[in-house]
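Some notes on the structure that comes next.
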């Protein structure tokens, strides 16, 4: 590539054109990205400094009042609390299972292809369909969840309508929907150099030992990346709790995303909604920064 | 590689691991499939059985009921008058049995009007069709009573919707009544003589089991949107297809923009500018990808509304008009590996940049394109919130938005919603079955990142 550039430079006046041409081609994507993505962050920050009035924009300037008032409401901290409970549940319920599935799939000699395909299907089911199915499963009267509980001698529960169960019920369907992560893990496991595996086998490293000492250390980095991605995705959780319960009952499933949505769509408080957006962005950016730092330290 | 070694040498530890692996995988696969069976089984129940406590695992067999009414005793009446009477009776017979026998799984009702030994009138309706008419159609919001059913010209409209055959010279359809009579005889006889008094005299009825009727239900589930949103002429005409169209339009547009923008951007980064500048630009695009939707949805909504991009296709499509950083990264990695000689040779012949891009890079990048098609599809297939926020008109809804709205609409029955879910799942299963190999390859390729 450099040779090409040098060749261009020798041509004198032609070289300027050659230098400019790539940037002319890059201009539309760069400008579109700036407009549709980066500009919106600035806009959110700008809006958060005003008592924003969408009809007579921007309304009175209030400085950081929106932030101060937001931090002093209990509802805001409840939303953070809910978000972190969701995060905790996601990590213990849905994060580890794809790793187990991939490890075991890798051990299968027959039927691996069929089972892998089976694992993918639930991951591709549209979220609204999943919501319809699981809302019916959790239904206190007509659902199968209470039937199973009764069968084992338990007491029927209100599930989604019970503030202490609702988060569990929203995260649980994800246990079955981790098929795409399974694919990632499986391809990473199968990408481990066969030299390592075979030489370890001669040393008696088979079965469970192989998983413990060969496979897991070799896919450790993918697990870490997936962990960080799961954290980032869960921090901005919005669709799923909204579809299942619209943030209820009594705000028990109101995540930060739903908090932002409710602030501007129900309370029409655009300024505070923007302030919450900026804080959320900041928190997620910090987490992404940690990820990139780890990524770099591995490459070095 | 593990396969071979596994066969060569199976130690005790290996054996327990393999057994555990098979048991775990099989159990999980069963668990995964359960929601499907649950949905299919529930969607095949009718709107009464689905609310049974305790819920049954399997739906009941579907039955077909034929009712025969005789008009010989009417004396001389004009053709028009006769038809009118039969139409009234038809509606009475169908809707009354529907409401009087809610638990009998009567999925099909046929009425025969006979006169002097000839069948002159025949009409046939599926239970779900009648349900739709009762809940959202002609009889929306009214109770099933004789006066209500026959009020004004409602019964005429209902007959048009259900369909009937009438020929005073005799139709080629003959009811086949059992000699011994049917278990419905006494009750229907009194019903048609009293509460739902018909003009024709009740002759008899026949009940047969016809499980194919359970499948026919899906046809009417599919029509649900056109009844619920009858005011929207696009939905009224195309029903669920309109939502499919919107979803495919959005995904198709996303695939198109991503394929073009990402490959072009990656081509410039990889081939036309220096390494340092290229990495900076790539970082710029990767950074844009990382911006969480939840934290820009508010300014995005405000900005789009200011530009008039609200409640129209522009609002649905514009968010995809920027290159997705991860795909740029994948394309760049791919273009970096194309040997430089290709380009040099083409340049010697005076080829322009665009020529290099269109004739050298793109034809070589078919595998990466298929990866992007699949991943864009998966990524946007589940998209809900933005589409839900910016669309008020029903004809703009995507599948997810439509199903969410239909399911939160209090008057839709659960079996209809379950049926629509099945209709939405089937293409996914087919897609997975046909493209599972490409999917696996695509994920193996994108896993390079990790």
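Under conditions of 10 °C and 1.306 mPa s, region B:234-449 yields 81 µm² s⁻¹ as its translational diffusion coefficient, taking Rh as the Kirkwood radius over Cα pairs in the Stokes-Einstein equation. Here is the P(r) of the protein assembly as shown: all C-alpha pair distances, binned every 20 Å from 0, give 14, 38, 31, 14, 3, 0 in whole percents. Extent along the principal axes, Cα only, for region B:181-222: 36, 22, 14 Å, with the longest axis given first. Relative to the longest principal axis of the Cα atoms of chain B, helix B:240-267 runs at roughly 10 degrees.
When Rg and the Kirkwood Rh are both derived from Cα coordinates, the Rg/Rh ratio for region A:83-241 amounts to 1.05.
Between 0 and 90 degrees, the angle of helix B:79-100 with respect to the longest Cα principal axis of chain B falls at about 70 degrees. Each of residue B:194 and residue A:157 was given a label point 7 Å from its Cα along the Cα-to-Cβ line. The distance between the two points is 5.0 nm. Debye-formula intensities of region B:307-429, expressed as log10 I(q)/I(0) at q = 0.10, 0.16, 0.23 Å⁻¹, are -0.54, -0.91, -1.30 (one equal scatterer per alpha-carbon, no solvent). Kirkwood radius, region B:63-210, all distinct C-alpha pairs, inverse of mean reciprocal distance: 15.2 Å. Working value for region B:3-102: equivalent-ellipsoid semi-axes of 63, 14, 9 Å, each the square root of 5 times a Cα gyration tensor eigenvalue, largest first.
Counting only other chains, and only Cβ atoms inside 10 Å, what mean value do you get across the residues of B:16-29? Before the final figure, lay out the partial values.
Details: counts 2, 9, 5, 1, 4, 12, 7, 1, 7, 13, 3, 0, 10, 6.
Across the residues of B:16-29, the mean count of other-chain Cβ atoms within 10 Å is 6.
For the ranges B:246-253, B:351-358, what's the packing order if you count other beta-carbon atoms within 10 Å of each residue, average per peptide, and put the highest first?
Working: B:246-253: 18.4, B:351-358: 15.5.
Top of the packing list down: B:246-253, B:351-358.
Against the main long axis of the alpha-carbon atoms of chain B, helix B:293-306 sits at an angle near 70°. Rounded to the nearest 5, what is the percent of antiparallel bridges among the DSSP beta bridges in the protein assembly as shown? If I count the DSSP bridges inside the protein assembly as shown, around 70 percent turn out antiparallel. Placing one identical point scatterer on every Cα of region B:236-278 and ignoring solvent, what is log10 I(q)/I(0) from the Debye formula at q = 0.15, 0.18, 0.21 Å⁻¹? Rounded to two decimals, the profile gives -0.53, -0.62, -0.70. Expressed in units of 2.2 N^0.38 Å, where N is the residue count, the Cα radius of gyration of chain A is 1.32. Per-residue mean of foreign Cβ neighbours for A:100-107 is 5 (Cβ atoms of other chains, 10 Å radius).
Which of the peptides B:419-425, A:188-194, A:136-142 is most tightly packed, and how do the rest follow, going by the mean number of other Cβ atoms within 10 Å of each residue? It would help to have the intermediate numbers written out before the result.
Details: B:419-425: 22.9, A:188-194: 16.1, A:136-142: 18.9.
Ranking, from highest mean packing down: B:419-425, A:136-142, A:188-194.
Legend: mean number of C-beta atoms from other chains within 10 angstrom of residue C-beta atoms, peptide A:189-197, equals 2. As a length-normalised measure over Cα pairs under 8 Å and 6 or more apart, the relative contact order of region B:312-450 settles at 28 percent. Spin-label model, residue B:362 to residue B:103: label points 7 Å out along the Cα-to-beta-carbon direction sit 6.6 nm apart.
For region A:153-281, the Kirkwood estimate of the hydrodynamic radius, built from every pair of different alpha carbons, is 18.2 Å.
May I ask you to derive the relative contact order of chain B, considering only C-alpha pairs under 8 Å and at least 6 residues apart, and to give it as an integer percent? Can you show the working numbers first?
Numbers: 515 pairs, mean separation 80.6, N = 450.
Relative CO of chain B lands at 18 percent.
A quarter of the convex hull surface defined by the alpha-carbon atoms of region B:308-363 gives 5.6 nm² as the mean projection.
Using just the C-alpha positions of region A:85-150 as equal point scatterers, what log10 of I(q)/I(0) does the Debye formula give at each q in 0.20, 0.25, 0.26 1/Å? Each listed q corresponds, in turn, to -1.04, -1.06, -1.06. Using the Cα coordinates of chain B, the gyration tensor eigenvalues translate into equivalent-ellipsoid semi-axes of 60, 29, 19 Å, sorted from longest to shortest.
Here, each number is a calculation from the coordinates, and none is a lab measurement. Predicted model only: the values in this text are computed from it and were never measured. A quick note on method: Cβ atoms are made from the backbone with ideal geometry, for glycine too, and the neighbour counts reach across all protein chains shown.
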